[in-house]
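The values are calculated or read from the model by the stated rules, or taken from the named source; none is laboratory data. None of the values given here were measured: they were computed from a predicted structure. Glycine gets a Cβ as well: all are built from the backbone with ideal geometry, and neighbour counts include every protein chain shown.
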Amino acid sequence: MTLVLAGILGLVVGSFLNVVIWRVPRGESVVKPPSACPRCGHRLHAWENIPVLSWLWLRGKCSRCRKPIAARYPVIELVTAIAVVLVVLRFGVTWATLGYVYLACVAVALVMIDLDVKRLPDKIVMPTYLVVIAALFAESLSDGQFGSFWRALAGGAILFVFYFLALVLYPGGMGFGDVKLAGVLGLALAWIGWGALAIGAFGAFLLGGVYSIVLLLTRRAGRKSGIPFGPWMIAGAAIGIAVGEQIWDQYLALLA
Ligand SMILES: [Zn+2]
């Protein structure tokens, strides 16, 4: 039952994220005006705005001009729903879950915006610090254990400084948006444990590095064509949050 509710919540949030992904990089309001067909300006009726179902019902076409509606809209709604369900499966129903659900939804928007326009807008990243810190603090208050909370703050600072140094030492490799995102991901990873933080951070560079090499080998990108790094940071963090501690323990066992 909880998972069904989580899935529905994810679909609804995913629908809103489609608006965020389109409008925030363009500096437009996410509340007004209501959603409309970008081609003919047709205002969507409530029944045309139901996540996934409306797109299927309309067979991927605007009800007035019949121009195609991109499949990425229902895909983003589905991916958000899956992300929210996975977070609830991972953390149960706790205060911390609120922070991780918020972060997962923000992450979907950031991946798409970074792929679209190679930016990670402050308007989306900065409030995430507040939400994640508040949720983790509430979690610590509820059980009186503050160890994970202080570790989260330290991890956020460590990953922020690490990316800041990378930005200073290798300018052009990434942007300051990546540095600010690193701080939030560091918080979320280190709350789970140092192993999660290490695997999450390493995973980003491993995945991003492999992808860059593949692009270079297939000559689809020059050395300087600036691949957005945000999606790899988020993919690494997702792995770190899901299984980082287990991977880290096995790695230490291998060393010993
Ligand atoms: Zn239309």
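So for the range 207-222 (the condition being of a type in the set (A, V, I, L, M, F, W, C) and buried (at least 22 other Cβ atoms within 10 Å of the Cβ)), does at least one residue qualify?
Of the residues in the range 207-222, the ones of a type in the set (A, V, I, L, M, F, W, C) are 207, 210, 213-217, 221.
Filter again for buried (at least 22 other Cβ atoms within 10 Å of the Cβ), leaving none.
Checked against the condition, which is being of a type in the set (A, V, I, L, M, F, W, C) and buried (at least 22 other Cβ atoms within 10 Å of the Cβ), the range 207-222 yields no hits at all.
Could you please find all residues in the range 1-15 being among the hydrophobic types (A, V, I, L, M, F, W, C) and at pLDDT 95 or above? Matches in the range 1-15: L3, V4, L5, A6, I8, L9, L11, V12, V13.
Each residue in the range 106-122 was checked for being more than 10 Å from P228 (Cα to Cα) and modelled with pLDDT under 95, and 0 of them qualify. Residues satisfying the criterion are present in the range 130-147 (criterion: surrounded by 13 or more Cβ atoms within 10 Å (Cβ to Cβ) and charged (D, E, K, R)).
The single condition among (1) assigned to a loop (DSSP other than H, G, I, E, B); (2) without any contact (Cβ under 8 Å) to a residue 40 or more places away in the chain; (3) within 15 Å of the chain's Cα centre (by Cα) that R39 does not meet is (3). All of V79, V75 fail the test of being aliphatic (A, V, I, L, M), on the phi < 0 side of the Ramachandran plot and buried (at least 17 other Cβ atoms within 10 Å of the Cβ), apart from V79.
Selection within the range 18-46: residues that are touching a helix residue (DSSP H, G or I) at 6+ places or on another chain (Cβ under 7 Å) and within 16 Å of the ligand (Cβ to nearest atom). The member of this set that is farthest from V125 (Cα to Cα) is S35.
Screening L53, L44, L17, L5 for residues that are touching a residue at least 40 places away in the same chain (Cβ under 8 Å) and among the aliphatic types (A, V, I, L, M) leaves exactly one candidate, L17. For the range 187-206, check the following and say yes or no: at least one residue is of a type outside the set (K, R), buried (at least 20 other Cβ atoms within 10 Å of the Cβ) and touching a residue at least 60 places away in the same chain (Cβ under 8 Å). Yes, the range 187-206 has at least one match. What about I239, is it modelled with pLDDT of 95 or more, part of a helix (DSSP H, G or I), surrounded by 15 or more Cβ atoms within 10 Å (Cβ to Cβ) and under 16 Å from the mean Cα position of the chain (by Cα)? In short, yes. Quick check on P74: is it of a type outside the set (S, T, N, Q), more than 16 Å from the ligand (Cβ to nearest atom) and at pLDDT 95 or above? Yes, satisfied. Among all positions in the range 85-102, there is no residue which is aliphatic (A, V, I, L, M) and within 16 Å of the ligand (Cβ to nearest atom). Just to verify a result, which residue in the range 155-164, among those that are surrounded by 15 or more Cβ atoms within 10 Å (Cβ to Cβ) and among the small types (G, A, S), is farthest from the chain's Cα centre (by Cα)? Going through the qualifying residues, I end up with G155.
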